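Worksheet for the structure shown next.
The values are calculated or read from the model by the stated rules, or taken from the named source; none is laboratory data. Everything quoted here is computed from the prediction, not taken from an experiment. Here the Cβ is made from the backbone with ideal geometry for all residues, glycine too, and neighbour counts use every protein chain on show. Ligands, DNA and RNA are stripped out before the accessible areas are found, and what is left, the full protein with its side chains, is counted by its heavy atoms. Shrake-Rupley method; radii C 1.70, N 1.55, O 1.52, S 1.80 Å.
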Amino acid sequence: MDEAMIGSLIASTLRVSTPLILCALAGLLSERSGVIDIGLEGKMLFAAFAAGAAGVAFGSTMAALLIAMGTTVCLSWLHGLACVSHRGDQVVSGVAINIIAVGMTAVLGIAWFAQGGQTPAVSGDVRMQSMMPGVVAALEGVPVVGNILGQGFLSHNVMVYLALALVPAVWWLLFRTRFGLRLRAVGENAHMVDAAGVSVARMRYAALTLNGLLCGLAGSYLVLAQNASFVPNMTAGRGFMALAAMIFGKWHPVGALWACLLFGFLDAVAIRLQGVRLPGIGEVPVQAIQALPYLLTVILLAGFIGRTVAPQALGRPYLKER
Amino acid sequence: MLGISKRFGPVQANADVNLTVASGTVHGIVGENGAGKSTLMSVLYGFYTCDSGSIKVNGKAATIRNAHEAIALGIGMVHQHFMLVDTLSALENVMLGAEPHVLLHKAEALVRSRLTELMASTGLKVALDALVGDLSVGDRQRLEILKALYRGARILILDEPTAVLTPQETEQLFGVLALLREQGTTILLITHKLKEVMRLCDSVTVMRAGRVVAEVAIADATIENLAEAMVGRKVQMGRVGDTDKAPGEVLMRASGVHVKDAMGVVRLHGLDIALRAGEIVGVAGVSGNGQSELLEVLSGLLAPGSGSLAVGGREFAAGAWIDPRTARALGVAHVPEDRHERAMVMSFAAWESAVLGYEWLPQYCRGGWMNHVHMHKATVDMMERFDVRPRDAQLQSASFSGGNQQKLVLARELGQSPKVLLVGQPTRGVDIGAIEFIYSQLRAMRDAGCAVLVVSSELDEILALSDRVIVMNQGHVSGELPIAECNEHTLGMLMIGGGSAKGAQAPRAQPAAAARQGTGT
Amino acid sequence: MTSHQPLPRWADLVVLPIVNLAVALLAAGFMVWLVGQNPLEVITVLVHGAFGTQRGLSYTLYYATTFVFTGLAVAVAFHGGLFNIGGEGQAILGGLGTGLVALWLAASLPAWLMLPLMLLVGALFGMVWAAVPAYLQAYRGSHVVITTIMFNFLASSLLVYLLVNHLKVPGNMSVESASFAASAKLPSMHTFMQWLGVEWPNSPLNTSVFLALLAAVGVYFLLWHTRLGYDLRATGSSARAAEYAGINPKHQVIFAMGVSGALAGMVGMNEIAGVNGRLMLEYVSGAGFTGIAVSLMGRSHPFGIVLASILFGALFQGGAEVSFEVRGFSRDMVVMLQGFIVLFSGAMAYVLAPAVAWAVGLVRGGASTAKGAAHG
């Protein structure tokens, strides 16, 4: 493998991982507060649609981002309404959001743009461009590291760097602030937190709001940085992969980051490995590599790779007992 | 606290209770289960509001509507079930909800310095950076006390603090409490352990059935009269239904039963018990001294760490303990203590709950196919014989009143003509009218040659039913008496673990192999 | 998902679902109006398209057949206290099993042997695909919801792999297996009715609809008339009471999921054996998730599930008709409605309960709100 290949592999990995990272962080915040979030997929899809539609309608990146994030925050609040304010089943609510998203994005897409559910391509100025094209070009000629550094690390748009920056940000929020301490406590022993005078519902809604914002970013990325338009069902299971990554990362931001990078890497490798014969294994079917993230998560959950300890209060609605 | 009254539905938990505690003293509040001690303290801590009465703290009238107002008044409570987050450190647990700063590292520094001072002055040592999940039970309790003190508690309420402690940890706790008293903290100790009260307290209030029956300074009290006050009833002679038949052969024998719960606390210390045909054995004692575990072990719900069981001609040892289905097949019936969770499936109709545990019997199930007609008929029969109302076999189990549910459960278990009958809290939540009926049914079982074990936290019940009384204390049998020798003095002493009555079992030496953990409840 | 509300039982089983459905329809209708359609027009065309013609009815029932299988699957798991989101993957595996055995043996076995064998293998494959997550839940504590979601993806990866790399007919463009021999095809309703002397249009509806009905009846008897069903429901309702009765909760988890997976696996008989006669990529396409909606609407009871399946079948078929006749409408509206139904009948099922209880109280003159579940 030459350096151009390494460079492009790194670049691919980062680009594919970005929406996963954002979604995994979103799921993490919600689940750390004790609310299961199966609806990551649906929210990301909705955000992608909203970004695509708004990008075309308003011709502004900012508008697209804000509207996408606003939409997903509303969806997260809906989830909260069903599960936190009323004792609805968290899994069912998440599944409902996924199904509604698939349907509604197509319905609105057809109604507003009449392109079979697709949104028209967002114009170039709205799309996110590479941040430092000049640097990349300059590094092109540098031997050995040029391509790796340039192509691999420095050629990306702002959202990739934002996602990477959000990892330490979320870590800091969770482990270095008062809010984070209370959030973690709510997910472990809501009763104790209530007795200490902190509102359980308020903490969970705060977590869900952040969750919505991050999902919005994740979905927007798909349209503003990756594709150019919204295509029905374009998330293609990424939300679930992010869920898997979060679990694989043991509900820790840095762990989730590594898991997302791993899954992104597998995705990047899958295309390149097609038709390639590996020594001793023969040709690896692309589906096997695509299935690897899910398989790894199952193996992890079965306890074969270390112990997974989910937040204790996860999935249990908080009932004040008097 | 003056004239506190609190009612929960039909139950008068507190009736006109007066409690006066001098500051800087340790005051014990003792009583059996259901005496009203916890309710009283919950009123003080703001979990409940009293129906009538008033509270004065440091001379000033106070209304306490929730825990925060209590904390603001300097009242702190250490609950029986700790309110701690296992995955956070001790420091973080203390801090939660009262963090002095948004940024954790600054908050921690502030809290740490204050806590270190507090730990030094009170002698309460806890590893502040250890995860609570790694701390021992004693440490966790110390942490709870620290939490309360950190929030400025000058009045500290401790609810059954020694229930989960080892003897060494109990000693350490006593030391801490003594020190705190010296520093002027007022301590309220809810307990049923009179020996501790005698050692620690300056004064004590004895409660019974929601009322205060005695309030004395320790200097003027003896353990005997406290026990009598706590138990306080005369044993009736010449009870109904007594026969002179001697008990028959042993139908169930358990030996050396040793149970440790999930936290590592020993619940049963190598216990021995034998149940004879034609005899009702009553297990007395304050709830939480191993009686529940005893019932679960004998009925097969819980496998002990070590011990053996002989019943129905078969022997069972710790590694291969009896299971509930085999128990029933061998003629052991079990009326569980926890009616709602165990005895019935609340969402099932009565005719389905009526065969719970017996659904595999040939009269109900042939080749896997359930015989609804027989099940209905059996239910109707049961309802007739035990006067269960309403007589509606289709009604959901949850819709029956507590008393009728219990009657149905009894009808089911007794209806199988068991050889051994294990009963937990037979009349809890049952109305007066049904109680005598249930007692007569239990006596009838005994007269028919069944070996009956009754566990009850109601001493009246034990005295009314038993031929032989076993008193449990701290996972031991502290004494065993034929009913004729039972009076409030002997029983009270046995219940608090004092006195050496015949049949008391010394704690068994651990078997050579380290006692394995029993599967916890 | 036990309920804690003072609604009388009939209101809980009949009124509340209807109310939830009505709210879902309102929400969907609002969306329809929002995109410039006329909700009433849409509904009329939909109902006519689903039931108005024999052909329409036929399609409705064909869709309903698959939903009955996946709905029953979810329901059996619910009764055991578990949420089986893996119906999608289990159905894929079931179809795979059915198809594989058909490809392997159809040429050499007669139909009366082949078809039951296909059913058996399909159910078995589905059962195994559910039993593995069940085992992991019971013995390793892995959350069955997450593992079944993962298994859904694994199933579709497996299907793609097998089709692309092993089963595809070389030289063909489409990703499909070879066609099965005649003995591996379930007769279509058109053929079956012809044999009875009745005119019936050509459509995907096939005799597996009878299998679906049988399955519904079978599940009913299993749950409420056998000891296995008794033990399963007891565990799902109160694991502690089941323990007390000597029932092993771990065994029940595996049993419930196993039966659930087997039911989902029967989808293969409809789609693979009944309609397509070959293995292909898309034969489940969301039916596993529709099964969740169907089970929620049908209150996890086989009878309700059959009705709800017909409802959803009607929505799918009627929806297709509407998308032909009404410009701008598409099948996705039905998907959206399905989502609303899951939301209102599932997650928010008891949001409306107080309102319903109040209304019921009004109707019965106030006495009924005090009646109902009086706890001891």
_List the residue ranges in chain C for DSSP H helices whose C-alpha atoms run 30 angstrom or more along the long axis and whose Kyte-Doolittle average is 0.0 or above._
C:54-79, C:111-140, C:302-325
*Rolling a 1.4 angstrom probe over the protein heavy atoms, how many square angstrom per residue are accessible across region A:3-301?*
34 Å²
*Taking amide hydrogens as modeled 1.01 Å from N in the peptide plane, which residues meet the under 5 Å criterion relative to residue C:226, leaving out close sequence neighbours?*
B:370
*In region B:369-396, what residues drop by 20 Å² or more in accessible surface going from the chain by itself to the full protein assembly, probe 1.4 Å?*
B:369, B:370, B:372, B:396
*Take chain C, connect every pair of alpha-carbon atoms lying under 10 Å apart with a spring to form a Gaussian network, then pick out the residue of C:42, C:360, C:253 with the largest mean-square fluctuation.*
C:360
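Keeping every protein chain in place, order C:240, A:182, B:443 by accessible area at 1.4 Å, biggest value first, i.e. largest first.
Details: C:240 90, A:182 50, B:443 25 Å².
Per-residue accessible area, sorted high to low, gives C:240, A:182, B:443.
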*Under the definition of partner shielding as Cβ atoms of other protein chains within 10 Å of a residue Cβ, what is the mean value for peptide B:326-336?*
1
*Is there a simple number for the mean count of other chain Cβ atoms within 10 Å of the Cβ of residues in C:341-354, and what is it?*
6
*asked:* Under the rule of at least 5 residues apart or a separate chain, name every residue whose amide H is placed under 5 Å from the amide H of residue A:157.
replied: A:131
*Accessible area buried, both sides summed, chains B and C with 1.4 Å probe, Å²*: 2400 Å²
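Over both sides of the A-C contact, add up the buried accessible area with a 1.4 Å probe and give it to the nearest 100 Å².
Details: alone 14620 and 18030 Å², together 29150 Å².
Interface between A and C: roughly 3500 Å².
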*In a Debye calculation with equal point scatterers on the alpha-carbon sites of the protein assembly as shown and no solvent, what is log10 I(q)/I(0) at q = 0.04, 0.05, 0.06, 0.09 Å⁻¹?*
-0.27, -0.42, -0.61, -1.25
*Calculate I(q)/I(0) for chain C by the Debye formula, one identical point scatterer on each C-alpha and no solvent, and give its log10 at q = 0.09, 0.12 Å⁻¹ to two decimals.*
-0.55, -0.96
*Please turn the phi angles of region B:74-85 into ³J(HN,Hα) values with the Karplus equation 6.51 cos²θ - 1.76 cosθ + 1.60 (θ = phi - 60°), one per residue in order, whole Hz, x for glycine and proline.*
x, 9, x, 10, 10, 7, 5, 9, 4, 9, 9, 9
_Intensity falloff of region C:177-244 expressed as log10 I(q)/I(0), Debye formula with alpha-carbon point scatterers, at q = 0.27 Å⁻¹_ = -1.10
*Which pairs, out of B:6/B:193; B:6/B:407; B:195/B:260; B:6/B:56; B:56/B:195, put more than 27 Å between their alpha-carbon atoms?*
B:6/B:407; B:56/B:195
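How many percent of the accessible area of region C:69-309 is carbon or sulfur, using a 1.4 Å probe?
Solvent-exposed carbon and sulfur of region C:69-309 make up 68 percent of the total.
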*With θ set to phi - 60°, apply the Karplus curve 6.51 cos²θ - 1.76 cosθ + 1.60 along region B:167-178 and write out the HN-Hα couplings as whole Hz, x wherever there is a Gly or Pro.*
x, 5, 5, 4, 4, 4, 4, 4, x, 4, 5, 4
*In peptide C:26-36, how many Cβ atoms from other protein chains are near each Cβ within 10 Å, on average?*
2
*How much of the accessible area of chain B, in percent, comes from carbon and sulfur atoms when a 1.4 Å probe is used?*
53 percent
*What whole-number value in Å² describes the accessible area per residue of chain C for a 1.4 Å probe?*
40 Å²
*With +1 on each Lys and Arg Cβ and -1 on each Asp and Glu Cβ, and nothing else charged, work out how big the dipole of chain B is about its Cα centre, in Debye to the nearest 20.*
300 debye
*How far is helix A:253-273 tilted off the main Cα axis of chain A, in degrees rounded to 10, range 0 to 90?*
40 degrees
*Could you size up the charge dipole of chain A around its Cα centre, putting +1 on the beta carbon of Lys and Arg and -1 on that of Asp and Glu, and report it in debye to the nearest 20?*
940 debye
_Positive-pole candidate from B:105, B:225, B:203, dipole of chain B, charges at beta carbon_ = B:105
*At 1.4 Å probe size, with no ligands or nucleic acids counted, give the accessible surface of residue B:428 in Å², nearest ten.*
120 Å²
_Please report the net charge: other residues with Cβ closer than 11 Å to the Cβ of residue C:323, K and R +1, D and E -1._
-1
*Taking all protein chains together and a probe of 1.4 Å, list C:231, B:202 from the most accessible to the least accessible.*
B:202, C:231
*Probe 1.4 Å, accessible area per residue of region B:2-231, Å²*: 40 Å²
*Relative to the first principal axis of the alpha-carbon coordinates of chain B, what is the inclination of helix B:402-414, with its axis defined by its Cα atoms, in degrees from 0 to 90 and to the nearest 10?*
50 degrees
_Of all beta bridges DSSP finds with both residues in the protein assembly as shown, what is the antiparallel percent, to the nearest 5?_
60 percent
*What accessible area, summed over both chains, is buried at the B-A interface (1.4 Å probe, Å², nearest 100)?*
1800 Å²
*Restricting to region B:345-482, compute how many DSSP beta bridges are antiparallel as a %, nearest 5.*
65 percent
_1.4 Å probe, heavy atoms, protein only - residues of region A:95-121 losing at least 50 Å² accessible area vs chain alone_ = A:95, A:99, A:100, A:104, A:107, A:110
*Note every residue of region C:207-245 with a reduction of at least 40 square angstrom in accessible area, all protein chains present versus the isolated chain, computed with a 1.4 Å probe, or write none.*
C:225, C:227, C:230, C:233, C:237, C:240, C:241, C:244, C:245
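What percent do you get for the relative contact order of chain A when only Cα pairs under 8 Å and 6+ apart count?
34 percent
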*Out of all DSSP beta bridges with both ends in region B:2-231, state the antiparallel percent to the nearest 5.*
45 percent
*How many percent of the accessible area of region A:174-244 is carbon or sulfur, using a 1.4 Å probe?*
53 percent
*Note, ³J(HN,Hα) from phi for region B:271-280, Karplus 6.51, -1.76, 1.60, rounded to Hz, x at Gly and Pro*: 7, 10, 8, 10, 10, 10, 4, x, 9, 9
_Under the rule of at least 5 residues apart or a separate chain, name every residue whose amide H is placed under 5 Å from the amide H of residue B:214._
B:206
*Treating the beta-carbon of each Lys and Arg as +1 and of each Asp and Glu as -1, no other charges, what is the dipole magnitude of region A:156-209 about its Cα centre, to the nearest 20 debye?*
100 debye
